[in-house]
Amino acid sequence: MKFSFSSEQEEFRSNLRRFLGERSPTKEVRRLMATETGFEPAAWRKLNGELGLTAVRIPEAYGGQGFGFGELCIVLEEMGRSLLCAPFFSTAVLATGAILNAGTEAEKQALLPGIAAGDTIATLAWVENPAHWDAAATTLTAKPSGSGYVLDGFKSYVLDGHTADLIVVLARAPGSSGDKGLSLFTVKGDAKGLSRRLLKTMDETRKLARLDFKGVEATLLGEAGAAAVPFARTMVEAAVCLANEMAGVSDRLREDSLEYAKMRMQFGRAIASFQSMKHKHADMLVDVELAKSAAYYAAAALDEGDDDIVAVASLAKAAASDAAVQTAVHAIQIHGGIGFTWDNDTHLWFKRAKSSEVLLGDAHHHREQMMQHWAA
Amino acid sequence: MSELTEDSVRAEVRAWLEANWNPELGLVEWRNKLADSGWGVPTWPKEWYGRDLPQGLQAVVDEEFARVGAIGVAKAGIRTLAAATILAHGTDLHKEKFLRRILTGEDTWCQLFSEPGSGSDVAGAVTRAEMQGNKWIVNGQKVWTTSAHHAHWGLLLARTDWDQTKHKGLSYFIIDMHQPGVNVQPLKQMNGHASFNQVFLTDAVVEPEFLVANVGDGWAVTTTTLMHERRGADGLRTWAMGSDRKGRAYDEERAEIATTMEPYKWYPQRAGRVDLILPRARETGHLGDPVVRQEIAKLLIMSKSAEWTARRARAAAQQGKPQGPEGSLGKLVASHVARAAARIHTQLSGADALLSGTDSPMNGTIAEILVSVPATSIAGGTDEIQRNIISERVLKMPKEPSIDTTKPFRDVPRNTVR
Ligand SMILES: Cc1cc2nc3c(=O)[nH]c(=O)nc-3n(C[C@H](O)[C@H](O)[C@H](O)COP(=O)(O)OP(=O)(O)OC[C@H]3O[C@@H](n4cnc5c(N)ncnc54)[C@H](O)[C@@H]3O)c2cc1C
């Protein structure tokens, strides 16, 4: 297993950090998060064109750059640090993962180049019930109709679901249950019978939508009735990616709090000189570095085809969830009253930490997933 | 000279082991061969029993030793700290006299730093060393001194100048433990063992050539020893575990473990024995309990992440990168892991956690975990001191205001000893 980044990867990271720092200052984050779309299509296309972000993990055969999760996760960590407002996780992690894992050669050829080029904004719609992140809970149905299918039902908590051009939808054959009868479909964002509603989100930088399907025409992605395995794989990859994004969120919260503590004076000295503050910061460093190690290890495990990846992915997600939330709580506390104000930026990352804690399943869920592999 | 690669080193060590490793050799005889060839401590300098191998290639050598079951140099215990300190600050005389016998395991060592009045604040030592005639005469008391009861040599921190400030008045010595002026009294621990001791020094003698570095440089040398101690803290688990193979060298290694290594036999338990958690959960029928499963998962996540953090730090070191924050956290994390493991062992054992010795599960091992884990967050620098170090050195937060480091040490308020 690889435990360090190459110098090319380090350089990629530092360039990206500088770029995102310039393009996504919090002023810009605040402006975009207040908009309905949550990002600016033209600006995002330009940035993505310059940096090739959505292409990172797409194989060259489909117009991508052919890098691995190691590189994709660097992008995600930096996105977490910068809170860049863009439909990146939805497009480059969820939809791209589903297409790569489930799609036929022809489907990949048809769908991925547009994503790699930044022309297609895409997402994956699978959750319906707030208590279930797994495929088995799917109720949305797909019935054969003519040469294709029609979808009926609803999806919720869909990342960028209100703006995506292309929606990958998890559905089941009428009368099927559990992991049987599941298929993935693609639907156009403006398809007839599809109504999309932007949900109000706690973390305004992460836009979620509810999608209602009434006889929506859909195209099968991959093999009918066989989506359970590629979907599960997509979720494993997404958990690792989110863990890396959360590592960036945590590190940013930690660093900003440290900087503030060194600057803020009380009782004639910097609050950073109080031992309770120093010990809290030491503990935060432990939390964040351990979570980072798990996230990096999991990304390497994906690239190296580790047999243990399902457990390792859940481990990384659980570690990241706890570290991010704990760090966020400390960060607000360290800032004191100003930390509770809307004008102070800390709450932006606090909310991303809370939102990521829940997205794709919380720490309890992932700890249990991990135990099912290691202690059956 | 040909370039060192993983393959070239592997081939070389493999050939050497093939020609030299023989389990029927005496342990000391074998380890002398290791010292002569440099394969025992390959990352050490060539002129001192090593081969100047980069740190990154140590693992290759370890793998080849493990492959044929070859015994390594004597590693465990304070002697490794002594070796690291002597390599960094010792004279050629020190290196000649001590290093080889450290590697062969003929000599054991102890660390005479802590005193009744100064543990965390180890620079507050009041044991005094005075030059009388042409010898150093030492008077004072040390405490919690691991292995002092069988050690041949001690790493001694003592005060040589009371008019200097606290850190500047200290000097560092190597003291012969087998002399009339050194009186070692075992000190029973809360886990029933007595691996540490009180050491009373009454006109104990140190030869002038056994001063390490210069008079007044004791603190810098102490820092080196402590740094190596903290770094080794996450490697405690594999100590004192012999092999069950046949052969004279193995027999003698087992005998060594039973004697000089005896003080360390509870060390695996003090790290919490994470390896026993899943087997114990299975055996006690708790593996299906969702609450227990969550707690076990939290522990495994922490211990795996800690392991990967240590490997990240090692990988960075191997690439010659400056040490990142990940390299300073191991000791503190080891305390968290040990405590969490002890809590779960308690939970899994139910009423059996009330028992000890042969009445306790696994012939006392579980009970020993519960009463040994508290050592992890104290020995080698407490958790609080680790947090001070991380926040001040890694995070560059302001140092504690100090009221004791600028005036002559004799004017500094301190504990009164009796
Ligand atoms: C198993 C074991 C083996 C040992 N082996 C050796 C050995 O071989 N050689 C040797 O020299 N010593 C040895 N020690 C001693 C050990 O190094 C000391 O016990 C340790 O450094 C703590 O010092 P102390 O006991 O004087 O506690 P104190 O320093 O009095 O600490 C008491 C409490 O105060 C806290 N505290 C102290 N200073 C600060 C501060 N600045 N900020 C915040 N909190 C603070 C501590 O964290 C602790 O909780 C051993 C100890 C144990 C338990």
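The values are calculated or read from the model by the stated rules, or taken from the named source; none is laboratory data. Bear in mind the structure is a predicted one, so any value in this text is a computation, not a measurement. Counting neighbours? That spans all protein chains shown, and the Cβs are built from the backbone with ideal geometry, glycine included.
I'd like to check something: does region B:358-371 contain any residue that is closer than 28 Å to B:GLU229 by Cβ, surrounded by fewer than 22 Cβ atoms within 10 Å (Cβ to Cβ), among the β-branched types (Val, Ile, Thr) and in contact (Cβ under 8 Å) with a residue 40 or more places away in the chain? Yes. List, please: which pairs have Cβ atoms under 9 Å, are six or more places apart or on different chains, and start with a residue in region B:112-134 that is within 10 Å of the ligand (Cβ to nearest atom) and end with one that is of a type in the set (Asp, Glu)? Pairs found: B:SER120/B:GLU384; B:ASP121/B:ASP404; B:VAL122/B:GLU115; B:GLY124/B:GLU115; B:GLY124/B:ASP404; B:ALA125/B:GLU115. Between A:THR91, A:THR35, A:THR54, the distinction of being out of contact with any Lys or Arg (no Cβ under 8 Å at 6 or more places or on another chain) and part of a loop (DSSP other than H, G, I, E, B) belongs to A:THR35 only. Is it true that A:ILE334 is touching a helix residue (DSSP H, G or I) at 6+ places or on another chain (Cβ under 7 Å) and more than 10 Å from chain B (Cβ to nearest Cβ)? Spelling it out, A:ILE334 is indeed touching a helix residue (DSSP H, G or I) at 6+ places or on another chain (Cβ under 7 Å) and more than 10 Å from chain B (Cβ to nearest Cβ). For region B:80-106, the set of residues classified as within 16 Å of the ligand (Cβ to nearest atom) and farther than 13 Å from B:GLY40 by Cβ consists of B:LEU81, B:ALA82, B:ALA84, B:THR85, listed by residue number.
Flag set for B:PRO186, criterion: modelled with pLDDT of 95 or more and in a strand (DSSP E or B). Of all residues in region B:137-159, those satisfying the criterion of being surrounded by 22 or more Cβ atoms within 10 Å (Cβ to Cβ) and on the phi < 0 side of the Ramachandran plot are B:VAL138, B:LYS142, B:THR145, B:ALA148, B:ALA151, B:TRP153, B:GLY154, B:LEU155, B:LEU156, B:LEU157, B:ALA158, B:ARG159. Among the residues of region A:217-252, those that are of a type outside the set (D, E, K, R) and in a strand (DSSP E or B) comprise A:ALA218, A:THR219, A:LEU220, A:LEU221, A:ALA226. Checking every residue in region A:276-288 against the condition of being touching a Gly at 6+ places or on another chain (Cβ under 6 Å) and either in a helix (DSSP H, G or I) or more than 13 Å from every other protein chain (Cβ to nearest Cβ) (or both) gives zero matches.
Does A:ALA298 meet the test of being within 14 Å of another protein chain (Cβ to nearest Cβ) and free of Cβ contacts under 8 Å to residues at least 12 places away in the same chain?
Numbers: within 14 Å of another protein chain (Cβ to nearest Cβ): yes; free of Cβ contacts under 8 Å to residues at least 12 places away in the same chain: no.
No.
Would you check if B:GLN55 is within 26 Å of B:ALA213 (Cβ to Cβ), away from the ligand (no atom under 16 Å from the Cβ), touching a residue at least 60 places away in the same chain (Cβ under 8 Å) and not hydroxyl-bearing (Ser, Thr, Tyr)? Yes. Consider region B:341-399 and keep the residues that are within 11 Å of the ligand (Cβ to nearest atom) and outside any helix (DSSP H, G or I). The one that is nearest to the chain's Cα centre (by Cα) is B:GLY380. The number of residues in region A:99-137 that are under 17 Å from A:THR186 (Cβ atoms), assigned to a loop (DSSP other than H, G, I, E, B) and more than 17 Å from the chain's Cα centre (by Cα) comes to 4.
Residues of region B:37-81 that are hydroxyl-bearing (Ser, Thr, Tyr), part of a helix (DSSP H, G or I) and either over 27 Å from B:LYS246 (Cβ atoms) or within 22 Å of the chain's Cα centre (by Cα) (or both): B:THR80 alone. The set of residues in region A:349-376 being within 16 Å of the chain's Cα centre (by Cα), of a type in the set (A, V, I, L, M) and surrounded by 19 or more Cβ atoms within 10 Å (Cβ to Cβ) consists of A:ALA353, A:LEU359, A:LEU360, A:ALA363. On the stretch given as region B:400-418, residues that are free of Cβ contacts under 8 Å to residues at least 40 places away in the same chain, within 14 Å of the ligand (Cβ to nearest atom) and either out of contact with any helix residue (DSSP H, G or I) (no Cβ under 8 Å at 6 or more places or on another chain) or more than 14 Å from chain A (Cβ to nearest Cβ) (or both) total 2.
B:TRP30: under 22 Å from the mean Cα position of the chain (by Cα) and either charged (D, E, K, R) or crowded, with 16+ Cβ neighbours inside 10 Å (or both), yes or no? In short, no.
Please go through region B:135-188 and give me each residue that is β-branched (Val, Ile, Thr) and either within 14 Å of another protein chain (Cβ to nearest Cβ) or within 14 Å of the ligand (Cβ to nearest atom) (or both), ordered by number. Matches in region B:135-188: B:VAL143, B:THR145, B:THR146, B:ILE175, B:VAL184. A count restricted to region A:1-34 and to residues that are under 20 Å from the mean Cα position of the chain (by Cα) and of a type in the set (S, T, N, Q) stands at 2.
Take B:ILE389 and tell me if it is out of contact with any helix residue (DSSP H, G or I) (no Cβ under 9 Å at 6 or more places or on another chain), of a type in the set (A, V, I, L, M), within 12 Å of another protein chain (Cβ to nearest Cβ) and within 30 Å of B:GLY324 (Cα to Cα).
no
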